[in-house]
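Some notes on the structure that comes next.
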Amino acid sequence: MEKDKPTKHLHFPKSQWILLAGILFIAATIRSPLTSVGPIIGSIRDQLHISNSLAGFLTTIPLLAFAIVSPFAPRLSKRFGLAPTLFYSLLILMAGTLLRSEGSSNLLLLGTFLIGVGIAFANVLLPSLLKLSFPLHIGLMTGLYSVSMNISATLASGIAVPIANETSYGWQGALGIWGIITLIAIIVWIPQIRMKREKEQEINETMKVQVSTSLWKSPVAWFVTFFMGLQSFLFYTTSSWMPVVLQDSGMSDEAAGWMLSLVQFSQLPMVFIIPVIADKVRNQRGLVVTIFSCYVLGYGGVLFGSESLTALWMIFIGLAGGAAFGLSMMFFTLRSRTPEEAASLSGMAQSVGYLLAAVGPVLFGYLHDWTGSWTVPLYGFLFIALLLFISGMGAGKDRLLFPNKKTS
């Protein structure tokens, strides 16, 4: 990769456009293997004869992988190189996708774990790569990255049921088709393996994640971490179980899958708009109130509202989810003074936050098995939204991780 002089204009050399294409294709693999599970989780459960709790674990496994792998990703990248590490992670993701689609419950679990490992590297490494490769266009590039991620996630949740029910490939094909996108990402990423060591060293230095003891004692850091974890909790649990909730209420499998796609689609404008607004306002508490209100309208509508307005409730959930995701990413820089602090906060929030999020799908399935209905689990959504509001109000206050710390 050439080390070019940053410019505010979008006149990038060819190498930068190729890099951006690689990043966007990798982004397309980050959520689609996960959101494709929710609409067909009932079919997977019935054909493999597994419980709701174990079915929910299919979404929890990648989150556990995120929590485990995230702290080690920068170290492995420093040892093997950033571009090769991302390349190897794509190979792991491909292997997991193929294994998961074999039709065996054991391989399903193993493949899902490998998918989580592969995605975890991209979660940690790509944001730093964006910041260093496009320093004057971070907002735009982060927006493109988020849109690629959300479009593929929307498509995955929408076509899962048609592939599973209307083709001979079944649910295995609905999960395995995303290996095609991963294969394209692998091919497009190959030119980056020869990235100049000078540039790579610069990236590795920026990505050092050294979470000091003082960071773990910072109330601000914990507010940001819980906000990150709880918004992930709601997203992944909704992706896993909302289609089943709608199916059990009488909606067709295909329609329920497209309802989840509507949630994904509704996120798109928010992942662009919210980071821009958050960067311009003195504190972000007003945004937190708006996010909480949308969550209440969405989940409350599913609980108490008319079924004829289900699409509207999904839109509210999507608007809230997109806004919460965008704001959680912004908190890493808004609450930190230096790139080192931002990296440390990101490492803490992703490892602890995803561990918290991992509880969601299994807990939701367990509550359904225990109560025999979806009422209590849906109330759980509202309770988690309340906790998100509390943590967001703490994270949204205009203050830094270490307000008394002086920069050298």
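The values are calculated or read from the model by the stated rules, or taken from the named source; none is laboratory data. These numbers were taken from a predicted model, which means no experiment stands behind them. Reconstructed Cβ throughout: ideal geometry from the backbone, glycine too, with neighbour counts over all protein chains shown. Remember, those area values only see protein heavy atoms, side chains included, never the ligands or the DNA or RNA. Shrake-Rupley method; radii C 1.70, N 1.55, O 1.52, S 1.80 Å.
Yes/no matrix, rows are residues, columns are (1) in a helix (DSSP H, G or I); (2) in contact (Cβ under 8 Å) with a residue 40 or more places away in the chain:
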{"residue": "Phe325", "(1), (2)": "yes, yes"}
{"residue": "Arg337", "(1), (2)": "no, yes"}
{"residue": "Ser344", "(1), (2)": "yes, yes"}
{"residue": "Met348", "(1), (2)": "yes, yes"}
{"residue": "Asp369", "(1), (2)": "yes, yes"}
{"residue": "Gly380", "(1), (2)": "yes, no"}
{"residue": "Phe389", "(1), (2)": "yes, yes"}
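Looking across Val244, Val220, one residue alone is more than 23 Å from Pro377 (Cα to Cα), open to solvent by less than 10 Å² (accessible area, probe 1.4 Å), modelled with pLDDT of 85 or more and assigned to a helix (DSSP H, G or I). It is Val220. Of all residues assigned to segment 116-125, none qualifies as being crowded, with 18+ Cβ neighbours inside 10 Å, in contact with a helix residue (DSSP H, G or I) (Cβ under 7 Å, 6 or more places away or on another chain) and not in a helix (DSSP H, G or I). Figure legend. Inter-residue proximity from segment 28-50: first residues at pLDDT 80 or above and in a helix (DSSP H, G or I), second residues basic (Lys, Arg) and buried (at least 21 other Cβ atoms within 10 Å of the Cβ), beta-carbon distance below 9 Å, spacing 6+ or different chains. Indicated pairs: Pro33/Arg100. Is there a residue being over 21 Å from Ile41 (Cβ atoms), of a type in the set (Lys, Arg) and at pLDDT 90 or above anywhere in segment 328-335? No: zero hits. If you take the residues of segment 264-290 that are open to solvent by less than 50 Å² (accessible area, probe 1.4 Å), touching a residue at least 60 places away in the same chain (Cβ under 8 Å) and aliphatic (A, V, I, L, M), which of them is nearest to Leu230 (Cα to Cα)? Per the stated criteria, the residue is Val288. Please tell me if Leu234 is part of a helix (DSSP H, G or I), under 30 Å from Met270 (Cβ atoms) and modelled with pLDDT under 90. Criteria not met by Leu234. Restricted to segment 352-386, and to residues there that are open to solvent by 20 Å² or more (accessible area, probe 1.4 Å) and among the small types (Gly, Ala, Ser), the residue that is modelled with the highest pLDDT is Gly380.
When Leu129, Leu64, Leu91, Leu140 are screened for being open to solvent by less than 10 Å² (accessible area, probe 1.4 Å) and either part of a loop (DSSP other than H, G, I, E, B) or out of contact with any helix residue (DSSP H, G or I) (no Cβ under 6 Å at 6 or more places or on another chain) (or both), only Leu129 passes.
Among the residues of segment 60-84, those that are of a type in the set (Gly, Ala, Ser) and within 17 Å of Ser344 (Cβ to Cβ) comprise Ala67, Ser70, Ala73, Ser77.
Any residue in segment 80-87 that is under 27 Å from Pro13 (Cα atoms), more than 16 Å from the chain's Cα centre (by Cα) and either assigned to a loop (DSSP other than H, G, I, E, B) or among the hydroxyl-bearing types (Ser, Thr, Tyr) (or both)?
So the first thing to find is which residues in segment 80-87 are under 27 Å from Pro13 (Cα atoms), and the list is 80-87.
Of the ones still in play, those that are also more than 16 Å from the chain's Cα centre (by Cα) are 80-87.
Within this subset, residues satisfying the condition of being either assigned to a loop (DSSP other than H, G, I, E, B) or among the hydroxyl-bearing types (Ser, Thr, Tyr) (or both) are 81, 85.
Checked segment 80-87: at least one residue is under 27 Å from Pro13 (Cα atoms), more than 16 Å from the chain's Cα centre (by Cα) and either assigned to a loop (DSSP other than H, G, I, E, B) or among the hydroxyl-bearing types (Ser, Thr, Tyr) (or both).
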